[in-house]
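Q: Just dropping this structure here.
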Number of protein chains: 2
Amino acid sequence: MLVASSTEWEVARDDFVAQWGALGSHWGINRTMAQIHALLMTAPEPMYTDEIMEKLQISRGNANTNLRELVGWGLIQIIHRKGERKEYFQAEKDIWKMVITIAKERKRREIVPALEVLKSCAERTQSESKGPGREFHEQMKELQEFVEFGIKVADTISSMKHASALHWAMKLLG
Amino acid sequence: MLVASSTEWEVARDDFVAQWGALGSHWGINRTMAQIHALLMTAPEPMYTDEIMEKLQISRGNANTNLRELVGWGLIQIIHRKGERKEYFQAEKDIWKMVITIAKERKRREIVPALEVLKSCAERTQSESKGPGREFHEQMKELQEFVEFGIKVADTISSMKHASALHWAMKLLG
DNA sequence: ATCATTTTTCAGATAGTTCTGAAAAGTGGG
DNA sequence: CCCACTTTTCAGAACTATCTGAAAAATGAT
């Protein structure tokens, strides 16, 4: 999966890349995409496609697709170097920004559509006045409100600077 | 996938089950497991294996495996009725408890192991004094601290009653 | 405009995951 | 200690997601 690394830190890095890939796949993120992300996060310099293919031992198509996907998520950006045709890629290294980016994307792609279904389920069972139908309606309503509240909290935290968020969290921890 | 439902609320429920299944599969949770969970969440009464098989049109083996898995996650419990051999299943309906249960399990299964790798990566590169090796070390250290802090926050929130968490969140929202 | 280089695309191959179904194991009442 | 009923297991089948690689398209320097 990875080509051999020479220096000590690169060996540790290979572990990190593997773990990040495994973590991703437990959270519905393509393993390769997560590995490329881990690789770029820990890259001293921006990398280009062939370097990534070589390091992770993956095909050009695979590398290209997942790089585009990462760009689509806003987790990496394309760098153009003067006098070079090739595209280089570099990852956002700030953890706080990274987490917020991921949260925003998942909200947009998965939470909001799910919320729409909850709303529709609640709405369509408005008129149920008793029994299981009513209980279902109330459960959907409750879920809907829970998710909407969660979104508000997440949005508020996302809009904070890392330091303010930390401050808030510290107060919480007492 | 689902057998036809008669009443209006049951039609909405089928949508909910399907959506919950889709959501699960985007978050690394087996679609069937999520569907069974959704089904039980919205069941007026505890259900037994054959009812679930029938409703979701799945095999006995599949139903059994995923029911065990849900029990393992602590999301559903087994009910024994006097004078009956069969096992009935019922889901926790309290959303707050449900979310905390899921968070705890994911922490145990995925976050803690990932944290161990981060620690190991940081430790093994302690001695790097400059250059890319040092940068890598610092990045791992930072990630490690971020995750540890996140765990603390999550643990604190998890230990709160729903009402206190709500109160805290309201203050945050200002 | 040409052309070498780089990126994109996508049909088919592969790998990984989930499901089925039937046999085996387990269980409690009598 | 049977036996009818229930649960569990797991080899092979089916399905889904991901990957490959080569051809096509795009690009920018000259």
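The values are calculated or read from the model by the stated rules, or taken from the named source; none is laboratory data. As the structure is a computational prediction, the values presented were derived from the model and not from experiment. Counting neighbours? That spans all protein chains shown, and the Cβs are built from the backbone with ideal geometry, glycine included.
Q: Being closer than 14 Å to B:A34 by Cα, within 14 Å of the chain's Cα centre (by Cα) and not assigned by TED's automatic domain parsing to the domain that holds B:A169: is that true of B:L70 here?
A: yes
Q: For segment A:88-95, check the following and say yes or no: at least one residue is away from chain B (no Cβ under 14 Å) and within 14 Å of DNA strand D (Cβ to nearest atom).
A: yes
Q: Read through the list (1) more than 10 Å from every other protein chain (Cβ to nearest Cβ); (2) surrounded by 13 or more Cβ atoms within 10 Å (Cβ to Cβ); (3) not in a helix (DSSP H, G or I), then give the number of the only condition that A:E128 fails.
A: A:E128 satisfies every listed condition except (1).
Q: Residues to consider are B:G61, B:G28; find the one that is within 11 Å of DNA strand D (Cβ to nearest atom), outside any helix (DSSP H, G or I) and either in contact with a helix residue (DSSP H, G or I) (Cβ under 9 Å, 6 or more places away or on another chain) or farther than 22 Å from A:Q139 by Cα (or both).
A: B:G28
Q: Can I ask one more? Of everything in segment A:31-58 that's assigned to a loop (DSSP other than H, G, I, E, B) and either away from chain B (no Cβ under 14 Å) or more than 26 Å from A:V99 (Cβ to Cβ) (or both), which residue is nearest to DNA strand D (Cβ to nearest atom)?
A: Residue satisfying both the conditions and the ranking: A:I58.
Q: Looking only at segment B:44-51, decide whether some residue is within 26 Å of A:H26 (Cα to Cα) and outside the structural domain of B:S164 (by TED's automatic domain parsing).
A: Among the residues of segment B:44-51, not one is within 26 Å of A:H26 (Cα to Cα) and outside the structural domain of B:S164 (by TED's automatic domain parsing), which makes the answer no.
Q: Within segment B:44-72, take every residue that is surrounded by 15 or more Cβ atoms within 10 Å (Cβ to Cβ) and touching a Lys or Arg at 6+ places or on another chain (Cβ under 9 Å) and give me the one that is nearest to A:F146 (Cα to Cα).
A: Going through the qualifying residues, I end up with B:P46.
Q: Still on this structure: Is it true that A:K93 is in contact (Cβ under 8 Å) with a residue 24 or more places away in the chain, exposed (fewer than 15 other Cβ atoms within 10 Å of the Cβ) and either charged (D, E, K, R) or assigned by TED's automatic domain parsing to the domain that holds A:I52 (or both)?
A: yes
Q: I'd like the full set of residues that are more than 15 Å from B:K119 (Cα to Cα), assigned to a helix (DSSP H, G or I) and among the small types (G, A, S), limited to segment A:4-25.
A: Listed by number, the residues that qualify are A:G21, A:A22, A:G24, A:S25.
Q: Name every residue in segment B:74-92 that is among the small types (G, A, S) and part of a strand (DSSP E or B), in order of residue number.
A: Selection gives B:A91 alone.
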